[in-house]
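K.L.:
What follows is a single structure, and I will ask about it in a moment.
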Amino acid sequence: MSRTVIKGDLCWSRGMDELNTVQNGYLVCEDGKIAGVFDRLPSRFAQDPLQDFSGCLIMPGMTDLHVHAPQFAFRGLGMDMELLEWLNTYTFPEESKYRDLAYAERAYGSFADHLLHSVTTRASIFATVHVEATELLMQKLDDAGLCTFVGKVNMNRNCPQYLSENSTNRSLKETERWLREIEGRYRRTKPILTPRFIPSCTDDLMYGLARLREKYEIPVQSHLSENYSEIEWIKELCPRSRHYGDAYQQFGLFGDGYPCIMAHCVHSTEAEQELMLKNGVFVAHSPESNMNLASGVAPISRYLDNGLKVGLASDVAGGSHESMLKAITHAIQASKLRWRLLDQNVKPLSFERAFYLATMGGGAFFGKVGSFEPGYEMDAVVLDDASLDHPQELDVRARLERAAYLADDRNITAKFVCGERIL
Ligand code: GUN
Ligand code: FE
């Protein structure tokens, strides 16, 4: 058995409203899993290798539940439009560049490098329609030691000719070629079926993807109820559906008995929320993106109170930054404005809840991930907050909250995935 012990100021969620801290504690990891957290190191572990990060914060690695790798190159640009116009003006032209592997090499290299040096240890990622570039991205993420789901995107309508897969047959064939080619190739990178969203995929493509999902037993990710014009469009495209989520359900792509992530869910109706709850669909909440694209603010505290599965996401390049620390603070800030300006019945997100979303909430998509409770996979980030100087001594909980607002990648000292140090 392999065992590692790391020492420092430990912080982790036990549930959505419970944040636990141990100052100068010991985190013991056995075969990649958490064996326990201790105030004093039990003598039975005294001979094991110890990595001493005394004075640093140690938190679970964070999960970015929804991010577009090919959009990383234009992050921070084109924030002047809403979703549908933004896709046509900025996103589709950028994504078409990944036909060129030399471009993909540079752009995906930069994305993987930024992700490695962030607090993220797990992510669910959209690539583009291009099989070769998607495989290149998967290899780079695997080489970095990160644990990810990556999807080759499907789209065969309502997009420029230069990006469309054109026929249903071609889109399905390319998807199956991709799934066959990558079989057994990576250690920590897995495929996820990725119809972009219903407006991008014909009905027969959606039905075909549902068949592939069953055949290859892989999860699904897509977008849901992000923007008002998008939702109106779905009523025209799927006149027999009761709501947007019901349309995915009718195609057989809404997490009924298998893992499924739906990004945004800003404007989900009660009926849509009920179906997500029943099917165990994960909501990927992307607060910065929802502000940049003027989409709105999802009622996340209500979703949590009602038992929905929710994680946090950057949605780069709707979001401008890969940092999940920023996503935490954006989620809190957006929820406060929603509460003040729109609906006092939905509480703003507490720091505890936002931290939970970034760790345990999204981590649950990967299994027992995102906490230091025994049995969880040992993903951890060590953050040196000494440079965030303060005239008084603060407790660990206060330092953590402050770090969420003030720290960046320069504060990251070490990072572990499944017990293995990758940074
Ligand atoms: N809906 C369909 N495609 C996209 C995308 O690339 N980003 C966002 N935010 N929403 C989408
Ligand atoms: Fe997105």
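K.L.:
Sort out which residues of the range 138-164 are within 16 Å of ligand 2 (Cβ to nearest atom) and not polar (S, T, N, Q), and write them in order of number.
P.N.:
Passing the criteria: PHE149, VAL150, GLY151, LYS152, VAL153, MET155, CYS159, LEU163.
K.L.:
If I ask for residues that are assigned to a helix (DSSP H, G or I), open to solvent by less than 30 Å² (accessible area, probe 1.4 Å) and either farther than 12 Å from LEU137 by Cα or more than 16 Å from ligand 2 (Cβ to nearest atom) (or both), which ones from the range 59-97 would you list?
P.N.:
GLN71, PHE72, PHE74, LEU83, TRP86, LEU87, THR91, PHE92, GLU94, GLU95, SER96
K.L.:
Now for a separate question. Which residue, of LEU293, LEU277, LEU237, is away from ligand 2 (no atom under 16 Å from the Cβ), under 21 Å from the mean Cα position of the chain (by Cα) and modelled with pLDDT of 95 or more?
P.N.:
LEU277 is the lone residue from the list that is away from ligand 2 (no atom under 16 Å from the Cβ), under 21 Å from the mean Cα position of the chain (by Cα) and modelled with pLDDT of 95 or more.
K.L.:
Take the conditions over 17 Å from VAL153 (Cα atoms), touching a residue at least 24 places away in the same chain (Cβ under 8 Å) and of a type in the set (A, V, I, L, M) and apply them to LEU101. Does it pass?
P.N.:
In short, no.
K.L.:
Report yes if PHE355 is more than 14 Å from THR121 (Cα to Cα), assigned to a helix (DSSP H, G or I), at pLDDT 95 or above and open to solvent by less than 60 Å² (accessible area, probe 1.4 Å), otherwise no.
P.N.:
In short, yes.
K.L.:
Across the range 359-399, which residue is farthest from THR120 (Cα to Cα) among those that are crowded, with 24+ Cβ neighbours inside 10 Å and among the small types (Gly, Ala, Ser)?
P.N.:
Within the range 359-399, the match that is farthest from THR120 (Cα to Cα) is GLY361.
K.L.:
A further question on this structure: Could you list, in sequence order, the residues of the range 189-207 that are of a type outside the set (Val, Ile, Thr) and surrounded by fewer than 20 Cβ atoms within 10 Å (Cβ to Cβ)?
P.N.:
LYS190, PRO199, ASP203, ASP204, TYR207
K.L.:
While we're on this one: Taking the range 298-330 as the region of interest, how many residues are free of Cβ contacts under 8 Å to residues at least 60 places away in the same chain, within 16 Å of ligand 2 (Cβ to nearest atom) and either of a type in the set (A, V, I, L, M) or surrounded by fewer than 22 Cβ atoms within 10 Å (Cβ to Cβ) (or both)?
P.N.:
Number satisfying all stated conditions: 2.
K.L.:
Looking only at the range 10-25, filter to residues that are of a type outside the set (Phe, Trp, Tyr) and buried (at least 24 other Cβ atoms within 10 Å of the Cβ); which one of those is farthest from SER350 (Cα to Cα)?
P.N.:
LEU10
The values are calculated or read from the model by the stated rules, or taken from the named source; none is laboratory data. Nothing here was measured: the structure is a model prediction, and the numbers come from that model. Note that each Cβ is placed from the backbone with ideal geometry, even for glycine, and that neighbours are counted across all protein chains shown. In case anyone asks, the SASA skips ligands and DNA or RNA and just uses the protein heavy atoms, side chains included. Shrake-Rupley method; radii C 1.70, N 1.55, O 1.52, S 1.80 Å.
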